[in-house]
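Down below is the structure, laid out as structure tokens.
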Amino acid sequence: MSETPEISYEQARDELIATVQRLETGGTTLEESLALWERGEALAKICQTWLDGARQRLDAAVQAETGSED
Amino acid sequence: MALDTSADSPAPLRTISQAVGEYIGRLGAVWVEAEIAQLNRRPGMCFLTLRDLEAKISMGAKCHVSVLDACAAPVTPGARVVVHAKPTFYGPNGSLSLDVREIRPAGEGELLAQLERRKQLLAAEGLFEPRWKKPLPVLPQGIGLVTGRESAAERDVLENARLRWPAAPFHVRHALMQGSESARAVIAAVQALDAEPAVDVIVVARGGGSVEDLLPFSDEALVRAVFACTTPVVSAIGHEPDTPLLDLVADLRASTPTDAAKRIVPDAAAELEAIASVRQRTRHALLRLVEREQHGLDAIRSRPALARPATLVDAQLELVLTARDRSRRALDQRLSRAHDEVGHHLARVRGLSPLATLQRGYAVAQAADGTVLTSVHDAPDEIHVRLADGHLVTRRTAVHPDPQENPDE
């Protein structure tokens, strides 16, 4: 897993939703749209990083436990 | 006693002795409350001196040792007893004694009343109030145990505690758990354990017994010592119905030593199971949370704005292409209209040109400088003749003016 993102999962998720809504609403210049889309991609990646990390930690905990029980 | 005697006719001593003996013999057995003043145990028989509880009155008594041993409480000098005895007169030395058939620990009623008074006094001081009760540690780091050496109570506490929590750390202090010295010994043990930093709960355990046996555990000094303890104290004295004052001042009252064992240590197996179940539940909850968020994220990412960012450009591209096509079409139309105009003008130009006339056989005569000749009089030597498909250069050899139509000429 890469380093921990500097913003929290909830921050990233909420901003991502807002970004997509702005994209869908339209009314932005092409350059703005592209910037919004790039931001959206980056936010989605951050969210995924958080979720992957959470799942990994869960898996690690389960494995550590089954390992100690053996 | 209608013995008719006078100075002249005395009765012999044996008669008197016999009469007294008969009289006393008719008294029958009575219940007597007294204190043991002396006790002299011989093989088979025991000789006692009973003393009244208040008056300075004593009387000898005797009984078979089995009667002594059958008593629920130990019969010792100073003990209060209730005896079932028959007064008997011993002729050979004229002594009166009580033939004891049964001994009971005495003054249970009085003892209980005394305990009740002490209880009320201590309660009035607030020693038993719930607000002083200290909570027991969930998992004790050190369990102080005050009990009799090799007693059943000790075994009950140790075995039952270790059944539940095999690593239960005990600090055992043996003390005399019965008799007048008992309270002081228990106080010393409790205080020593209270001072021990490793001990975070103290159990005072003793098996069942008579009210008198349990008297040390209602001792005021012991009650105050336990009250002063900073370590929580569990009392486990006797059986369920026994309630010495220690039970009231203790932070927890266990009904029996076995019950104390259950109260001071958690059941390891049950605790582990509970922990495993809680861990399982938290893990599931977390997993569900992650899954829910993942679904949300997937949903957002699958929306066209993110999933197919090309649409952003596509929309703009379409606008651009449409505009380009429109501009091309517009230019196209403009060009073809211009073309048509040009053709039209050409036709007009062609219509106006003399070429068609030339093709019909006419010719245009011109001077070398291009001046069109309209009169034979103006004709130079060299004449250019334009025909439909080119021009000739000719030389003037003759001039024939037309005859004058005008008679003036």
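One table, with the values for the structure above:
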{"item": "Every pair of residues 6+ apart whose Cβ atoms lie under 7 Å, when the first sits in segment B:128-152 and is outside any loop (DSSP other than H, G, I, E, B) while the second is at pLDDT below 90 and buried (at least 17 other Cβ atoms within 10 Å of the Cβ)", "result": "B:ILE143/B:ALA168; B:THR147/B:MET177; B:ALA152/B:GLY207"}
{"item": "Single unsatisfied condition, B:ARG395 versus (1) within 60 Å of the chain's Cα centre (by Cα); (2) more than 14 Å from chain A (Cβ to nearest Cβ)", "result": "(1)"}
{"item": "Hits in segment B:54-94 - residues which are of a type in the set (Val, Ile, Thr) and either in a helix (DSSP H, G or I) or surrounded by fewer than 14 Cβ atoms within 10 Å (Cβ to Cβ) (or both)", "result": "B:ILE57, B:VAL65, B:VAL67, B:THR76"}
{"item": "Unmet requirement for B:HIS239, which otherwise passes all of (1) crowded, with 17+ Cβ neighbours inside 10 Å; (2) in contact (Cβ under 8 Å) with a residue 12 or more places away in the chain", "result": "(1)"}
{"item": "Residue in segment B:313-321 that is under 20 Å from A:SER33 (Cα atoms), of a type in the set (Asp, Glu) and within 14 Å of chain A (Cβ to nearest Cβ) present", "result": "yes"}
{"item": "Residue match in segment B:22-42 (condition: within 60 Å of the chain's Cα centre (by Cα) and either loosely packed, with under 13 Cβ neighbours inside 10 Å or outside any strand (DSSP E or B) (or both))", "result": "no"}
{"item": "Sole exception among (1) more than 30 Å from A:GLN11 (Cβ to Cβ); (2) of a type in the set (Gly, Ala, Ser); (3) in a helix (DSSP H, G or I) for B:SER255, by number", "result": "(3)"}
{"item": "Subset of segment B:264-273 [at pLDDT below 90 and either within 14 Å of another protein chain (Cβ to nearest Cβ) or assigned to a helix (DSSP H, G or I) (or both)]", "result": "B:ALA268, B:ALA269, B:ALA270, B:GLU271, B:LEU272"}
{"item": "Residues satisfying the stated conditions in segment B:275-287, i.e. among the charged types (D, E, K, R) and within 11 Å of another protein chain (Cβ to nearest Cβ)", "result": "B:ARG279, B:ARG283"}
{"item": "Cβ pairs under 7 Å, 6+ apart, first in segment B:308-336 and within 15 Å of A:GLU31 (Cα to Cα), second among the basic types (Lys, Arg) and modelled with pLDDT of 80 or more", "result": "none"}
{"item": "Residue within segment B:389-397 that is among the basic types (Lys, Arg) and loosely packed, with under 10 Cβ neighbours inside 10 Å present", "result": "yes"}
{"item": "Residue match in segment B:276-284 (condition: surrounded by 10 or more Cβ atoms within 10 Å (Cβ to Cβ), among the β-branched types (Val, Ile, Thr) and more than 44 Å from the chain's Cα centre (by Cα))", "result": "no"}
{"item": "Every pair of residues 6+ apart whose Cβ atoms lie under 6 Å, when the first sits in segment A:42-61 and is under 16 Å from B:LEU287 (Cβ atoms) while the second is outside any helix (DSSP H, G or I)", "result": "A:GLY53/A:MET1"}
{"item": "Residue match in segment B:190-200 (condition: of a type outside the set (Ser, Thr, Tyr), in contact (Cβ under 8 Å) with a residue 60 or more places away in the chain and closer than 22 Å to B:THR258 by Cα)", "result": "yes"}
{"item": "Counted residues, segment A:3-31 - those being farther than 17 Å from B:ARG308 by Cβ, charged (D, E, K, R) and at pLDDT below 85", "result": "3"}
{"item": "Test: residue in segment B:173-185 that is within 30 Å of B:ARG80 (Cβ to Cβ) and among the charged types (D, E, K, R)", "result": "yes"}
{"item": "Helices (runs of 4 or more DSSP H) wholly inside segment B:274-381 that include at least 1 residues being in contact with a helix residue (DSSP H, G or I) (Cβ under 8 Å, 6 or more places away or on another chain) and under 30 Å from A:CYS47 (Cβ atoms)", "result": "B:304-307, B:310-352"}
{"item": "Segment A:28-62, residues that are of a type in the set (Lys, Arg) and more than 7 Å from every other protein chain (Cβ to nearest Cβ)", "result": "A:ARG39, A:LYS45, A:ARG57"}
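The values are calculated or read from the model by the stated rules, or taken from the named source; none is laboratory data. Remember, it's a predicted structure, so these values are computed and weren't measured experimentally. Glycine also receives a Cβ, built like all others from the backbone with ideal geometry; neighbour counts cover every protein chain displayed.
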